[in-house]
Every structure is written in C-alpha cells, then in structure tokens.
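The values are calculated or read from the model by the stated rules, or taken from the named source; none is laboratory data. Keep in mind that this is a model prediction, so the values were computed, not measured. Backbone-built Cβ (ideal geometry, glycine too); neighbour counts: all protein chains shown.
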Ligand SMILES: Nc1nc2c(c(=O)[nH]1)N[C@H]1C(S)=C(S)[C@@H](COP(=O)(O)OP(=O)(O)OC[C@H]3O[C@@H](n4cnc5c(=O)[nH]c(N)nc54)[C@H](O)[C@@H]3O)O[C@H]1N2
Ligand SMILES: Nc1nc2c(c(=O)[nH]1)N[C@H]1C(S)=C(S)[C@@H](COP(=O)(O)OP(=O)(O)OC[C@H]3O[C@@H](n4cnc5c(=O)[nH]c(N)nc54)[C@H](O)[C@@H]3O)O[C@H]1N2
Ligand code: SF4
Ligand code: SF4
Ligand code: SF4
Ligand code: SF4
Ligand code: SF4
Ligand SMILES: [Mo]
C-alpha cells in the first residue's frame, strides 16, 4: 500500500492522543488546573491534529461530516463517531478538571473507554480488509491498541508503567511481524484465484492493461525492497520501544535531566511509531496487485 | 434521502443485473475500455479525468480495464510440452452481492440498488476517502483525481433504462461496442435468462470466491486449447493415400472423375 | 427494511443530435453515430461516438480507436494553418501563411514542371482512402510517379490474390462467417477488416467452430484460436504446400470444382520454344481443355464442355499436359511431405497431418447444400449451391516476406483445391471483386509535357511488354515499379521513392509531394538514413531533393521535413468518399459505399486535402478538372464526388444516382450527398440471392455487376492455379522475346517467377550471425503513429517493450525490464525487454509504431513514447546487406517489390545499463513543435 503521509500522521498522532486521553480519563495522572490544561492541550493537539491530517487525503474534506452517518456498517464511520464522542466527553471532563478542579470520575472513565474505543475503530478500519491479508488479523487491533496505550502511558508520565507497556507493545509488534511474514502468499488468494485460471496451469501477468499510471497502481502496488524493510524495522523498533525504554530505565540523576530524557523518549517514540506506521502501510500488499503481476 | 442506511446491503435484490465475460473470445482489443471511458466521461457523474494526458506520466480514470495473462499448462503424458496460452481479461466492477465496498463506506455514498443490484457511488455524498477501493479485491474502483470522488462501473445505469435510447441500445456501452461479442449483459438472478443459461452451459466462474464477495458478474473460462493432435487420428481413413506413386494418383484421378456427375465419357 | 436510495436519472438525454458518418481511424471504415451537444461556446460539439447499428461494416460495434475518435478530433497536435518552412529542414521551424500564399507557392513550383517535365513531380500518398481521386489528379498532372502506400504494405497479398483468383484476402473478401466451421488464420494481428474479423471470430466461436491461428506470436486473434501453430517466420509457404501434399495424396480435393472453375484442366504447351509453358489456345485466344465427353480439345468456356483434369493432348509429336498434371507431379513429391518440412517450419509432422485431416473432414464430411438454383457461365443450371465450410484468411504475416507473393499464391491454391472459394462456408469476394487481373488496367507511363498521362499509373502486367520501361530499357518510374527488379509491383514502391530520388536513380526529381505518410519515421525502413536523405544538400548547398510538399492533419514526425505544409482537416470536418472505384466498404452479399461529411466545421485555417488538390488543379488548369470553356469543373471535393463521372453514368458514389432511384449507373444527382447523409452516410445495394456465391462464374452475379457498373460486360473467368504471366517473365529470362531482363536478374526471375506456387528461403543474404526473427504487430487500440496523440489511447500503449521468448531470455541472462542491445546487419537499438512464453522460441517482437520522435505529436519531450518507446525500423534497410556480388539487392519481394519487413533477422544481447540508461537507443534530437504541447489536465465533458 502507498504509505500516504496523511494517514501515517493521522494514525500515529491520534493513537497517541487518544492513548493519553485514556490515561487522563482514568486519572493517571490526576491533574487539574494549568497542569491539566497542558496535558489536555497536548492530548487534543495530537488527537485532533491527527484527525485533521486524515482529512488531507480526502477528495472532499468539506463533506467529512457525512462520514458520521454509516456507523451501523462502516468502521470508518464508527471511528468518526467514536472520536467525536470521546473528544466531547473528554472535553467536558477536561473542563471540569481545568476550570472547576473537579474529577467527574464516571465521565473520565467513559471518556477513557471511548478513547481506547476510537483507537480500536481505527484499527478495525484496516483489520476488516480481507483484501490486505497482512492487516486482516486480530494482531492489527492489538498493535494499534498497545501502541496507543504505551504511548499514552509515556506521555502521561507513567514512569513505572510505561516501560512495561512499551515492552508489551514492542513484543506485539514482533509477534505481528512473525505471524504476518508472508500473509498474501499464505492467504489462499493468488493470481490463479484472482483470474480463475489457476487450475489450467501457472498464471503469469503478461501485458499490463495500460502503460500509463492510475489510482490503483499508485495506491495499491507500492513495493518495498526487503533490505530496506529490514533496516526500517530495526530503526523503527529501536526508536519506538528500545530507546525510550532505555531512557526510562537508566537512572538519570537530576530532575531536569530526567524530564529531558522523558521528553526525548516521547519524541523518539513518536518518530519510531511513525516509522513503524510507514512500514505498516508500505509492507501491506493489496490483492489487486495480483492482477498487475506486482506480487 | 442522503444519509439513510444505504451501506447496509439489501438483504436481497429484485434482480441481479451484471455482465458475463467470455474469456474464450475476448481478443483484448480494448474497445470496451474506451467506449466505457467515452460514455462515462459524458454521462453519469463527473467526467473521467486524465492527468498529464500529453505528458511524461499520463494517467487517468477508467472504469474498465483489459489485462492479459499467460497460462503455462502443466505437462501431461499426452502433452509433454504444452504451448503457453494467452488470455485477455477485461475487468470492471462485478456488482458483488456481498459488496465490501458498500459496507465500508462511511458516508453512504456507496450503495447497492435494491431493484437490480447495481453498485453505485452517489458522487455528491462521496468524500473521496478511498476506503471502498481498498476493500474491493478486484480493483474495480478508481478515485478521480480531478473530482476527488470515487468512480466505478455503473453498469451503465443511465443507458439500460434510458427511454431516450432505442430498446436495442439499452445495454451497457461496453457490451454494445464489443466487436467479438465477448460481453453479455442480463439478469443473473433469473436462471432462465440468456446470461444465466450461458453461465450454466459454459461453467461460468467467480473471481476470488474466497473473498466472499459473491460477484454477480461471471467469467466464462477459455475452452481447452491445442487439442487437434489428440482429437484427430491421422491414421484414420481420412488421409489414407489414394495411391503411393504419382502414376497411381493419375489412375485414381481418372476413376474419380468418372464418378463425378456427368463424368463418364 | 426500507432502504432509501438516491434517485438516479436513468433516462438522461443522450445528446441533442446524432450525425452519422464514417470512422477514419483505420481502413475498416465503420459507420459511426456522432452525438452532438452544445458546448460552453454555444457551438455544437462532439460529445460521444458510437457505432452505427445499421452500417454494413460494423453493425454497431466500434473498436477502441473509433470510440476514442473524440480525442483524435480534438487532439492538441492538430495543425492550424498552412506552414512555410523557415528553419533548416528537420528543425520544425515554420511560419504560418494563408491558403492563397500556400497554393500560389505550390503552383509556382508545379507549373513549370508540368510544362516541361511532369515526371519531376513525384506524388505519393500514404494511408489514403481516396486513391481513385488522387491518382486521377496525378494522371491529369501528367506525372508517371504516383502510387499509394500499398507497395510497402501488402501488395503481395493483393497481387497474388488477383492474379490467382481475381481478388484477395485483405479487404477484397471475407470468410462466409455464417456458415464456416473451420477457420484458419495465417499471419494476422489486426488487418484492415478489423471489426468484421472480430465479429466473425466471435460468431463462429459462439457456434463452437474451430479457429486455428498460424502465427509465431500468440496474441489477439491467435490467443483465442483453439489451436495455435507457432510457425517459424517466413516458412508458411512450405507448411501450406505440405498441407497441399497431404490432401492431394489422400484425394481430398474438389475435382468437380477444379475441372469446372479453375485452369487445372487447361493444357500447357510442352513444345520447346517461346511458347513453352504457355497455355494452348484456340484462334479466339481461348484456353483449351480436353472435353471429357469427346476426348478432344475445346475452349474452356464452350457450353456443355466437361474439362478433363486427367487427359493429355498429343500434337505434333509433343504431349501437352493439363495444369493439374504439373501440380500433381510437383506437390506429390516428398519434398513437401510433413516429415520433410516439419523442422524447417517448426511444426511437428503429426500436427501438420492433423490439421490436414481436420481440413479434409470439415471440407468434405461436413459439406452441405444451400437450396438455391443458379446458372454458370457455360449455361449449365445447378439446383443447389454446395458448401465447403472451411475458410482461410491471411495478411501481412504472409505477405511482408520476400517470398510472400508465392506464399499467398500457395494459400489460394490450397483454398481452390478444396473448392472453398466463393462457395457457402468458404471464402467470399466483396464487390467490386471478383475481378480477374485481365479486367484491371495495365500500368501506364506515357509522359508528355503539358499533357495528362496516357492512362492509369498502376495496374497488372501480363508479360514483359507491359513493364514501365523507357525506350532505353531504364525504369520510367522513380520507384522503379514494373521493372525487371519487381515486374508485378501493382501498387508501386513508395518505400523506394525517397532513396531513389536522393540517389537520382533512375533520374532526378524536383518536387516530392506526399500525403498522409509518416515517411521520416515509422513508415520508412532505415529511418535515420531517410532523415539524412531528406536533409542532404549538394555541392551548392541546395537540398538534393529540392522541394517537398506534404499534407498532414497533425504534427507528425514528417511535418518537419517539408518545405510547405498543407494542413488537412480531421475526419469529422471534411467530405470524403469511400468509393466503389477505390476501396469500398462492401460485404460479400452487397455492394456498399460511404461518405464522410463535415459533422463539425473546422475551427482552424485548414482545408480538406482533396479540396486543396481540386483548388491546385484549378489553378494549374489540369485537363480533367477544367471544362471546355476553361472554367473549373469542380469547386471542391464535395462537388467532385457528386459530379465527376469516370465513365458515363459512373461516378465516385453508386447510390441515389439520376433522380435518386438509380444505383450503380445513372446521371449525377445534385442531392446525392444529402441522400447519403439521410441514410447514415452509406449506401448498400444487395446482391440477388441467386448471385450470392460462385460469383466469378455465376451469370446472375455477372449481370448484376454489369448493371452496377462494376464491369462493362460479363467477365467470367477461371481461377489461375497456374499463372501464365509469371511464365512469360520466365521465358524472357530464358532468352525469348524482345524485351530482355539484365543478365544479373535472369536467374532470379527464373527461380522465383514460377507459374505454380513454390517456396523459397526468404532469409536475408549476408546476415550470418543474425539468427533471431524480429517482428512487429499492430496493437488493436493504436493506428500506426497517430494513436499516440490520443489522450486515452496513449495510456494503453505509451511504450513498447521487446517481447522475448523464454528460451532467449534465459540464454541471454535477461529478466523483465532489463535492457538489450538488438542488432541487425544494418543497425543497432537498445531497448527494454519482457518475457513472453506464448511465442515462437526464436522470434522477438514489439508493437509497431509506438516509438515517437521528441517534439512530435504535441507530446512532452519526455513522453514515454519518446524515451522508452522504439521502432524496429532502425534495424530494417530498404536494401539487403551486400552479398559480395557487387550489387545491392532490394529488401523486397522479387516479384512485386513488397517491402519485406518481416524478414528481419537480429542478434540480441543483454546491455549493461549504461549510465542513466532510461532512454531507448538510438535517441534523436527533438524537433520544434509547430503546435506547442497539450494541456496538463483533461476533464472532457461537453454537456452539463
Ligand atoms: N517496422 C515496421 N514498420 C512498418 C510496418 C510494419 O509492419 N513494421 N508496416 C508498414 C505499413 S503496412 C504501413 S501501411 C505503414 C504505415 O505508416 P504510415 O503510412 O506512415 O502511417 P501513419 O503512421 O498512420 O502515418 C500517416 C500520417 O498521416 C497523418 N494523418 C492522419 N490523419 C490524417 C488526415 O486526416 N489527413 C492527413 N493529411 N494526414 C493525416 C498522420 O498524422 C501521419 O503523419 O507503416 C509501415 N511501417
Ligand atoms: N489497430 C490497427 N489496425 C490496423 C493498423 C494499425 O496500425 N492499427 N494498420 C492497418 C494496416 S496499414 C495494415 S497493412 C494492416 C495489417 O494487418 P496485419 O496483417 O494484421 O499486420 P501486422 O500487425 O503487421 O501483423 C502481422 C502478423 O503476422 C505475424 N507474422 C509475421 N511473420 C509471420 C510469418 O512468417 N508467418 C505467419 N504465419 N505469421 C507471421 C505477426 O506475428 C503478426 O501477428 O492492419 C491495418 N489495421
Ligand atoms: S467489484 Fe469491487 S467495487 Fe464492485 S461491488 Fe465488488 S467489491 Fe464493490
Ligand atoms: S471514497 Fe466515497 S464511496 Fe468510497 S468509501 Fe469513501 S465516501 Fe464512500
Ligand atoms: S457497464 Fe458501463 S460503466 Fe460498466 S464497464 Fe461497461 S461501459 Fe463501463
Ligand atoms: S471489447 Fe470485447 S473483445 Fe475487446 S477487449 Fe473488450 S471484451 Fe475483449
Ligand atoms: S475498425 Fe475501428 S478505427 Fe477502424 S474504422 Fe472501424 S471503428 Fe474506426
Ligand atoms: Mo499497411
């Protein structure tokens, strides 16, 4: 799949944002006033910024509101609804925390559930696609959720929890890689079933239907070299998990330095998640590529 | 209407209109591709645009594309070195019964019509998110770059019921134009229709059945090829020499001429 | 659940008006419905093009090119006004001038030539569909130097067919699609009859009939064939004659048909001397046969005669034998046994036998009868028409080889032996065919200053006397057509014009006037060489070819090489006529012709080329265009179409003549074009039922054809299994007769001009080490060079790889996308490769004419056509490599001069990607575009 920047930014930032909101909703940390304001500002900047970024890849962003209507069947619609619900509930909860210095526990918990739910719906947009076997797996929501939770913990300053959650997310990422090694090849879909000609012999794409380009080729037949992918996996993994964990567990002396290191861990993590998200798209193979002989 | 519950697939459609494509006769001429482009540029919805049409990287929106595949049959005792075959392969929306492109659509722009099963995009509702194209295993949807909306085969919904067209022309543009007659249009829900009969007679097949999309369009597989040596016994009397020697041949000739009507001198 | 659905307008207005005319994107000439809508500028514009259901050719279907006509018509590459060259030739630098200036300039060049030496004008037309008109113009100018492009296209096919059976495949005839049960296709990728062939294949396959494709490449029609014969290029003749051998040997031939309708029973003179090998004739010149009833010689057409295929005639101590004896003697020989030819053809003997058996089975075991009485030319009435449902079709794969004439002959002889020509289920002619070679004109080359030529330029020779030679024996024509080098060059040799004019051989010319032929690019062999010849200057710095006038509608590669450009309209903006005098749109059961008319007015300062020619003729006061009082006979082409008469009552169009009720013959009708337009742009005259088959011998057909003006009198004839004119050339080569060939050609004439079909190796001489066959094919969705300016079509075929068979890929360590150096004795190209398995294992190929010159066609200079696309033409030379005999032999068929495009042999090696290797080689410098480049985006929609 074409790794579109808007979608990478969206899933990376909104995942983190909603992860952070979930922690805030659960009162971890339980903050009020200016401190709360700063936390919420960051969380909303990430979540809303991500959502806004996602509209960049729309042909008609001005009609985005129409996307709330089909929650009965569409995960994308559900995501929109969940996101709005989470943001609204958390906004009320945040208003209480910032301006009234109160903690409406129930609202916070509800907001946290909705925030995680939003991440889940995002993940399901990809998971539901049978056409992309690598994504069509329960591991996809686990990746999205574990990333969001670990990132949220990191942003929420959960020093003791975060390394564990990061490690967990890293582990899930490793499992994802291990389990989805050659998903298309193992899916039972190949150029033979795609063309229905498979039982007649070995099928090979001959002339393409067009020498010019088109939407399908741009969107679905992105091919990433194996070497390149491996390199990026190492970098992404190190940035997203290994280095932040290291920065967090190495006992730095001095609060300033500690905060600095935590900040650095967050930045590395974001860069790492973005890198892994890029890979998430770039490594995913759409079955349409079979028709073009690109798989 | 907009914003209803369109993305729920109808439990059942009154008819299942679709195409039957004969891979045995498609010569790969691309006529259907271009007539589709022409009709749909001028008709339903936004024109099918082209980017850099005279430039270094031309690209454009088409609703129908013709691929081609080489098939190398396995060697068998009878055919130790079978020749590779070439199959031209037109592909447009298959108007699936369980169309994932419809259910994923967040706006309801994608829908499947109850009366005939045609899967359409209501362009004024489409936000151009692309998700329907992602969910389609067949590459049947293309996002138009100029218009920012999803385009797909409409089964020429603006032809097949069009009162302004003579009855014979109420068929899709691609079917009307196909010189080889490799495209057939009709109701695949009606077992007695011509298309259903054709599918039954020729073993019409689904593409990627494992995707569970239940395509309405069917493909007729190519007939077996390169069988002439298996089918014809060259030692049969058909080719038995009338004579071994040229002189014998002339003798045969004389007799054979006698047998012609009015032949005996 | 009630689902709310958007309401879709399922009955939108399709258009405001439909204008019916004729497609132009290839010589198939389908009928089209042009849907018009009012555009944003308030003018009616073309909105959509579809096939015309009532049209006899396409019956509603339309190919990709036809449907993309809207993009062709609106292409940004259209020329806008007459152009006068201002930069050096080839630069593409022009100045726009007015039509008056352009015509005055042309007249100032042409008038002196006509007054003194008309042959100094060479007028050659390319993809023309108005040859009867352009040749009329040239004839009235007085130059002998006129031809269209047929000589490099398929003259082998046309000529072999006409000499053998009075018509050919190509567009002269078609299989009886309704009845045929076995269809064999030799060497066809697309052909001129493209939609009908597709429709026909579709129909016979729907019936479950068998299609056999004989072609080194398995694409298109050959991909849908039930059986594929991946023959070694150039060996079809051997394969066909092997089928003949097997069928003859098994007696699976139609003796009745052979004896009645062919020259198989005609007696061949066996006496040594100047008549040896010619036919025995009676005083009236009628060929003699032995009547089986009397055992005596009799003229072949004598009523009641039963021509004998077996009996011989002994006279004056010499035994004269019928043609059939000679055939049996030759083809029963083991030289033609499947086992002998198998390796050479690359077809297992068992498959050759199986195919022969299937042909025999279908021709004889599935024979059927149509209950239709008819009377033959001898006056005998037959109660039924016997069908032999085997049909054949063939085109350039057979004809574009140097042995193509004889191979085409062999194929016709096979058809005739089976009795499958002009019978139900077999092959059928389309009017004005059948028409034997003897009913065609002979070539004329009588030049006199200030006079018209003494007759039509092109025609059919029947012996050395008919050659176009000057008194000193030198060629009368610039292209050396109808000379000893290629005596039967019935279509001229357009591919030799530029090189001969450049060499001043046989003489120098002044003005080269070309129309619709991209001669500096894809229609030439040795493209770079041709470019050099067009731009070469002599010692005085003058161009060696002093003046070049060219008419094109688009900014093609050729435009840059002309001094004066006469810009044509597009096909939707002008009158045209697809005439029975020329290459009409007939079907086997009807005579039909068609017109084009301006369904839109041009928005540029362009004129239909034919109208420009009329205007030139008027300024030059050419005889055929000038009335006795000196006034112009015709104002423009439409006027000519309606009012010109070739013979009294016979004009360009056959429909609605006289008062509108006459077809074929009749006075000019001023309302004729309107009647065509009302009828959808075409006219059909159906052939009566009793005349539908056996046309060459069928009285009802002959009479009908005379009534239509196709013949002046009935012209029944025999199929020529043995072609006597060929023998006359052999006799000359043996030393008989007045006109004698040069000595160096004697052996070749004797060897190749055999009156019975033969096969000889067409492999080029002097190319040792070049062992791989290299071919081109027409893509169905592109027409030569012009498709590339079409925004829709160029997305389908915007570049062309070289397709290489699996074995050669492996041997050369190639994989898809690699670059390979492909060389011939003449040149070298470096191009991207792709593997193909369904391909003869010693053949490479590519799509024809996709490669483009930078700067042409209003395309970006980095267009893939110009960077990745390539031509094979750089590897093909109009001359063969030197053989060491001091002579350069033409790369042509020695009989017809047909360009042997497909004899090309190459060597292929992997090319290490040179630095930045992103461009096919050779790359040429860009030419300046006289029309700029096209827009960045297209959102074509006329209506709202
Ligand atoms: N390698 C290789 N080369 C080949 C062949 C092959 O098989 N292999 N085939 C050969 C054969 S058979 C042929 S016929 C030739 C064809 O080659 P060409 O005769 O050169 O045919 P086109 O490329 O169609 O070019 C014709 C020219 O006509 C112009 N034109 C188009 N429409 C109009 C119009 O309406 N009016 C005017 N005035 N001009 C117009 C086009 O712009 C173009 O410049 O190519 C030959 N070249
Ligand atoms: N779409 C489209 N249609 C066209 C044209 C076009 O440019 N585009 N051009 C028109 C013109 S000018 C012409 S002349 C006709 C030509 O129409 P075709 O005769 O179909 O010409 P080609 O495309 O050159 O195809 C030649 C075929 O012969 C095969 N072949 C080559 N050598 C041999 C051989 O030795 N034996 C056998 N059996 N096969 C062989 C090649 O593989 C190829 O399939 O098409 C006309 N129609
Ligand atoms: S083919 Fe694709 S676009 Fe068409 S209905 Fe099926 S899934 Fe949807
Ligand atoms: S692109 Fe349009 S039709 Fe497709 S899912 Fe998105 S909104 Fe629906
Ligand atoms: S049915 Fe209509 S829209 Fe669909 S492919 Fe055919 S022409 Fe195109
Ligand atoms: S028009 Fe018909 S024959 Fe041509 S590519 Fe389309 S389906 Fe095949
Ligand atoms: S075959 Fe195609 S290009 Fe040729 S005349 Fe017919 S529609 Fe036009
Ligand atoms: Mo041609």
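Annotation note: of C:9, C:58, C:33, the sole residue that is in contact (Cβ under 8 Å) with a residue 60 or more places away in the chain and either away from ligand 8 (no atom under 16 Å from the Cβ) or under 18 Å from residue B:47 (Cβ atoms) (or both) is C:58.
Search the stretch C:70-81 for residues being buried (at least 24 other Cβ atoms within 10 Å of the Cβ) and more than 9 Å from chain B (Cβ to nearest Cβ), and hand back the single one that is nearest to ligand 4 (Cβ to nearest atom). Top of the filtered list is C:72. Note on the stretch A:113-141: residues that are more than 14 Å from chain B (Cβ to nearest Cβ) and surrounded by fewer than 19 Cβ atoms within 10 Å (Cβ to Cβ) amount to 4.
When the residues of the stretch B:45-62 are filtered to those that are more than 7 Å from chain C (Cβ to nearest Cβ) and surrounded by 24 or more Cβ atoms within 10 Å (Cβ to Cβ), the one that is nearest to residue A:209 (Cα to Cα) is B:62. Only one of the listed residues (C:227, C:256) is over 15 Å from residue C:341 (Cβ atoms) and touching a helix residue (DSSP H, G or I) at 6+ places or on another chain (Cβ under 7 Å). That residue is C:227.
If we scan the stretch C:343-356, do we find a residue that is surrounded by fewer than 17 Cβ atoms within 10 Å (Cβ to Cβ), away from every other protein chain (no Cβ under 13 Å) and under 34 Å from the mean Cα position of the chain (by Cα)? Checked against the condition, which is being surrounded by fewer than 17 Cβ atoms within 10 Å (Cβ to Cβ), away from every other protein chain (no Cβ under 13 Å) and under 34 Å from the mean Cα position of the chain (by Cα), the stretch C:343-356 yields at least one hit. State whether one or more residues within the stretch B:33-44 are in contact with a helix residue (DSSP H, G or I) (Cβ under 6 Å, 6 or more places away or on another chain), in the same structural domain as residue B:110 (by TED's automatic domain parsing), more than 14 Å from ligand 5 (Cβ to nearest atom) and not in a loop (DSSP other than H, G, I, E, B). Taking every residue of the stretch B:33-44 in turn, none turns out to be in contact with a helix residue (DSSP H, G or I) (Cβ under 6 Å, 6 or more places away or on another chain), in the same structural domain as residue B:110 (by TED's automatic domain parsing), more than 14 Å from ligand 5 (Cβ to nearest atom) and not in a loop (DSSP other than H, G, I, E, B). Looking at the structure I just gave you, is residue B:159 away from ligand 4 (no atom under 16 Å from the Cβ), away from chain A (no Cβ under 14 Å), touching a strand residue (DSSP E or B) at 6+ places or on another chain (Cβ under 7 Å) and under 15 Å from residue B:63 (Cβ atoms)? No: the conditions fail for residue B:159. Name the residues in the stretch B:171-196 that are within 12 Å of chain C (Cβ to nearest Cβ), assigned to a loop (DSSP other than H, G, I, E, B) and surrounded by fewer than 24 Cβ atoms within 10 Å (Cβ to Cβ), would you? Passing the criteria: B:171, B:181. In the stretch C:283-296, the residues that are modelled with pLDDT under 95 reach residues that are surrounded by 12 or more Cβ atoms within 10 Å (Cβ to Cβ) with C-beta atoms within less than 6 angstrom, at least six apart or across chains, in these pairs: C:292/B:265; C:292/C:306; C:292/C:308; C:293/B:265; C:293/C:306.
Could you look through the stretch C:63-80, keep only residues that are over 15 Å from residue C:190 (Cβ atoms) and part of a loop (DSSP other than H, G, I, E, B), and pick out the one that is nearest to ligand 6 (Cβ to nearest atom)? Per the stated criteria, the residue is C:68.
Only a single item in (1) within 30 Å of residue C:13 (Cβ to Cβ); (2) in contact with a strand residue (DSSP E or B) (Cβ under 7 Å, 6 or more places away or on another chain); (3) more than 8 Å from chain C (Cβ to nearest Cβ) is not met by residue B:69, and it is number (1).
If you go through the stretch A:63-83 and keep only what is touching a helix residue (DSSP H, G or I) at 6+ places or on another chain (Cβ under 7 Å) and in a helix (DSSP H, G or I), you end up with A:64, A:67, A:68, A:75, A:76, A:77, A:78, A:79, A:80, A:81, A:82, A:83. Taking the conditions exactly as written (within 16 Å of ligand 4 (Cβ to nearest atom) and touching a residue at least 40 places away in the same chain (Cβ under 8 Å)), does residue B:146 satisfy them or not? Answer is yes for this residue.
Step by step: first the residues of the stretch C:39-68, then only those that are more than 11 Å from chain B (Cβ to nearest Cβ) and in contact with a strand residue (DSSP E or B) (Cβ under 6 Å, 6 or more places away or on another chain), then the one that is surrounded by the most Cβ atoms within 10 Å (Cβ to Cβ). Which residue is that? The selected residue is C:55. Reported count of residues in the stretch C:313-335, each being in contact (Cβ under 8 Å) with a residue 40 or more places away in the chain and part of a loop (DSSP other than H, G, I, E, B), is 3. For the stretch C:201-219, the criterion of a residue being assigned to a helix (DSSP H, G or I), more than 9 Å from chain B (Cβ to nearest Cβ), within 16 Å of ligand 1 (Cβ to nearest atom) and under 30 Å from residue A:206 (Cα atoms) is satisfied by no position.
Any residue at all in the stretch B:157-170 that's part of a loop (DSSP other than H, G, I, E, B), within 16 Å of ligand 3 (Cβ to nearest atom) and surrounded by 20 or more Cβ atoms within 10 Å (Cβ to Cβ)? No - not one qualifying residue is present in the stretch B:157-170.
Let's see how each residue does on (1) more than 23 Å from residue C:119 (Cα to Cα); (2) modelled with pLDDT of 95 or more; (3) out of contact with any helix residue (DSSP H, G or I) (no Cβ under 6 Å at 6 or more places or on another chain); (4) assigned to a loop (DSSP other than H, G, I, E, B):
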| position | (1), (2), (3), (4) |
| --- | --- |
| C:514 | no, yes, yes, no |
| C:520 | no, yes, no, yes |
| C:534 | no, yes, no, no |
| C:572 | yes, yes, no, yes |
| C:583 | yes, no, yes, yes |
| C:598 | yes, yes, yes, yes |
| C:607 | yes, yes, yes, yes |
| C:612 | no, yes, yes, no |
| C:619 | no, yes, no, no |
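When residue C:295 is tested against (1) surrounded by fewer than 21 Cβ atoms within 10 Å (Cβ to Cβ); (2) farther than 21 Å from residue C:331 by Cβ; (3) more than 10 Å from every other protein chain (Cβ to nearest Cβ), just one condition goes unmet, and that condition is (3). The numbered conditions (1) farther than 30 Å from residue B:70 by Cα; (2) in a helix (DSSP H, G or I) are all true for residue A:159 except (2).
Considering the stretch A:209-232, the residues that are modelled with pLDDT under 95 and in a loop (DSSP other than H, G, I, E, B) include one that is nearest to the other protein chains (Cβ to nearest Cβ), namely A:212. Could you look through the stretch C:137-159, keep only residues that are assigned to a helix (DSSP H, G or I), farther than 12 Å from residue C:458 by Cβ and more than 16 Å from ligand 1 (Cβ to nearest atom), and pick out the one that is farthest from the other protein chains (Cβ to nearest Cβ)? Selected residue: C:140. Of all the criteria given as (1) surrounded by 24 or more Cβ atoms within 10 Å (Cβ to Cβ); (2) at pLDDT 95 or above, the one not satisfied by residue B:6 is (2).
Residue count for the stretch B:95-111, restricted to those that are near ligand 4 (Cβ under 9 Å from one of its atoms) and part of a loop (DSSP other than H, G, I, E, B): 6.
Listed here are the residues, each with its yes/no results for (1) within 11 Å of chain A (Cβ to nearest Cβ); (2) within 16 Å of ligand 7 (Cβ to nearest atom); (3) within 20 Å of the chain's Cα centre (by Cα).
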residue: B:87; (1), (2), (3): yes, no, yes
residue: B:134; (1), (2), (3): yes, no, no
residue: B:147; (1), (2), (3): yes, no, no
residue: B:155; (1), (2), (3): no, no, yes
